[in-house]
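Data first, discussion second: the structure below is written as structure tokens.
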Amino acid sequence: MQTAFAVPHQHHTPVAGACPLWQGLRTRGVRTVAVMGMSKNTGKTVCLNHLLIQAQQDQVAVGLTSIGRDGEERDEVFAIPKPQVQVTPGCLVATARDTLLRAKVRTRQIGGTGIHSPMGEILLVKALEAGAMEVAGPSRSHDQHRVIALLQQCGAELVLLDGALGRSQHASPAIADGVILATGAALGGGMGDVLRKTRDRLAILGIAPAPADVAELVQATFAQGGVGVWNRHGQCLFSKPIASLNAGSALLALQAANIAVIAVSGAVGQMLWRAVQTLLDQHPGLILVVADGTKLFIDAADVTAFERRGGRLLAMRGIGLLGVTLNPFSPFGGSFEAGAFLHEARAALCEHIVTDVMLFQEGS
């Protein structure tokens, strides 16, 4: 596996055996997988490249696209070298026209998508050889749906979605069947700090899906977008396609009513969360339904406190967490010993498949 780093993984000692992350992915039979990073430099692209190689070795036809831009030679935020996306021969790629001018691999255009981006139309191409590519796909979810469908129509058995900094909506289960979370030393702090932050993010992403009766009740809110409120008899008290940023005051205006369920289709930030907490004090057992865990911009401690006070936080759609991949290297200093990091991470995140893909030989 090629990488633009000269140092990061030289301390890794390859081990024999198949990668548990790839094994788990294949066992679950998912067709679309989103790889999302806790932050920049947590090994997301290295993981993606590993999956591309695994797919080639297992003769799985693979498609690739990105939300935003990835695969550039230098980190656009920190201006440091970063690993590039390494496509494999036969890989189907959906990317913006301008990125093909910089590709270090020969490609053949299969077709267009009619989806336009700042870097030109998103095109469907087939890689004719192995090499580095910059990948820039559509940023809107409905365009992602279309691109995934087109890649599958062209023969992709597995579609990999590459995320972008601060754009975790690509992990929405409405788009991806499963999510792999990349974490690592670049988060900062000691090993314990990194694992605590990772565990908290996994807790947020993994909130329970709403049971059928609740999902049916709130379905219309997620179909139209906005906010909905119901009482304990299932009667709708409020339903408007308002932005979640403006929802707090609208909800507080209803606090005298008999509120039992609130549904919010958009992002839930601290202001809206505080309004929901206020309503919980007045309406014990309050249920809050969000689209999925990627829409929550609160801390795991907030969720724990909410549930301890009797509230229920549910997702309209659960996220399929396929596993966690580790990067013990940080370009900012404070790297970890790879074996020790893997050992500690598996103990701290024991309910998940945890691996460092660089510890597995490409031919294993």
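The values are calculated or read from the model by the stated rules, or taken from the named source; none is laboratory data. Bear in mind the structure is a predicted one, so any value in this text is a computation, not a measurement. No Cβ is skipped: glycine too gets one built from the backbone with ideal geometry, and neighbour counts run over all protein chains shown. Ligands, DNA and RNA are stripped out before the accessible areas are found, and what is left, the full protein with its side chains, is counted by its heavy atoms. Shrake-Rupley method; radii C 1.70, N 1.55, O 1.52, S 1.80 Å.
With Rg and the Kirkwood Rh both taken from Cα atoms, where does Rg over Rh land for the stretch 181-225? Could the numbers behind the result be given before it?
Details: Rg = 16.7 Å, Rh = 13.1 Å.
Rg/Rh for the stretch 181-225 comes to 1.27.
Amide H contacts for GLY184 (H built 1.01 Å from N in the peptide plane; partners 5 or more residues away or on another chain; cut-off under 5 Å): ASN327.
Annotation: amide H-H contacts under 5 Å for VAL135 (H modelled 1.01 Å from N, sequence separation of 5 or more, or interchain): ASP70, GLY71, GLU72.
Looking at the stretch 307-364, which trypsin sites (Lys or Arg not before Pro) are in a loop (DSSP not H, G, I, E or B) and have at most 13 other Cβ atoms within 10 Å?
On the way: sites: ARG308, ARG309, ARG312, ARG317, ARG346; in loops: ARG309, ARG317.
Counting only loop positions with at most 13 other Cβ atoms within 10 Å, the trypsin sites (Lys or Arg not before Pro) in the stretch 307-364 are ARG309.
When all protein chains stay in place and ligands, DNA and RNA are ignored, the 1.4 Å accessible-area order of LEU349, LEU217, largest first, is LEU217, LEU349. With a cap of 12 neighbouring Cβ atoms within 10 Å, and only residues DSSP puts in a loop, list the trypsin sites (Lys or Arg not before Pro) found in the stretch 200-288. For trypsin sites (Lys or Arg not before Pro) across the stretch 200-288 that sit outside H, G, I, E and B with at most 12 neighbouring Cβ atoms in 10 Å, the list reads ARG232.
Just to be sure I understand the rule: take each whole DSSP H helix in the chain, project its Cα atoms onto its long axis, keep it if the span is 24 Å or more and its mean Kyte-Doolittle hydropathy is at least 1.0. Which ones pass? Helices meeting the criterion: none.
Projecting the Cα atoms of GLN109, MET133, PRO284 onto the charge dipole of the chain, computed from C-beta unit charges around the Cα centre, puts PRO284 farthest toward the positive end. Scalar couplings 3J(HN,Hα) for the stretch 229-235, obtained by applying the Karplus form with A = 6.51, B = -1.76, C = 1.60 to θ = phi - 60°, are 9, 10, 8, 5, 9, x, 8 Hz; x denotes Gly and Pro.
Expressed as a whole percent, the proportion of Cα-Cα pairs in the stretch 131-274 lying more than 21 Å apart is 60%.
Solvent-accessible surface of the stretch 253-364, taken per residue with a 1.4 Å probe and all protein chains present: 40 Å². Any idea how far the Cα center of the stretch 189-234 sits from the one of the stretch 321-349, in Å? Centre-to-centre (Cα) distance: 27 Å. Close amide H partners of LYS240, meaning residues 5 or more places away or on another chain with modelled amide H under 5 Å apart, are VAL227.
If DNA, RNA and ligands are ignored and the probe is 1.4 Å, what is the ranking of LYS197, LYS104 by accessible area, most exposed first?
On the way: LYS197 70, LYS104 110 Å².
From most accessible down to least: LYS104, LYS197.
List the GluC sites (Glu not before Pro) within the stretch 285-345 that fall in a DSSP loop (any state other than H, G, I, E or B) and whose Cβ has at most 14 other Cβ atoms within 10 Å. In loop regions of the stretch 285-345 (DSSP not H, G, I, E or B), the sparsely surrounded GluC sites (Glu not before Pro) are GLU337. All Cα-Cα separations within the stretch 285-364 were binned at 5 Å from zero, giving a P(r) of 3, 12, 15, 16, 15, 14, 11, 9, 4, 1, 0, each value a whole percent of the pairs.
Quick one: pull the percent of accessible area on the stretch 313-354 belonging to carbon and sulfur, 1.4 Å probe, ligands and nucleic acids left out.
55 percent
For the peptides 180-187, 35-42, the ranking by mean Cβ contacts within 10 Å, running from highest to lowest, is 180-187, 35-42.
Note on surface exposure: MET358, MET133 rank MET358, MET133 by accessible area, highest first, 1.4 Å probe. Taking Lys and Arg as +1 and Asp and Glu as -1, the other residues whose beta-carbon sits under 13 Å from that of GLY339 total -2. In the P(r) worked out for the stretch 249-338, what percent of Cα pairs fall beyond 20 Å? So the portion of pairs separated by more than 20 Å is 45 percent.
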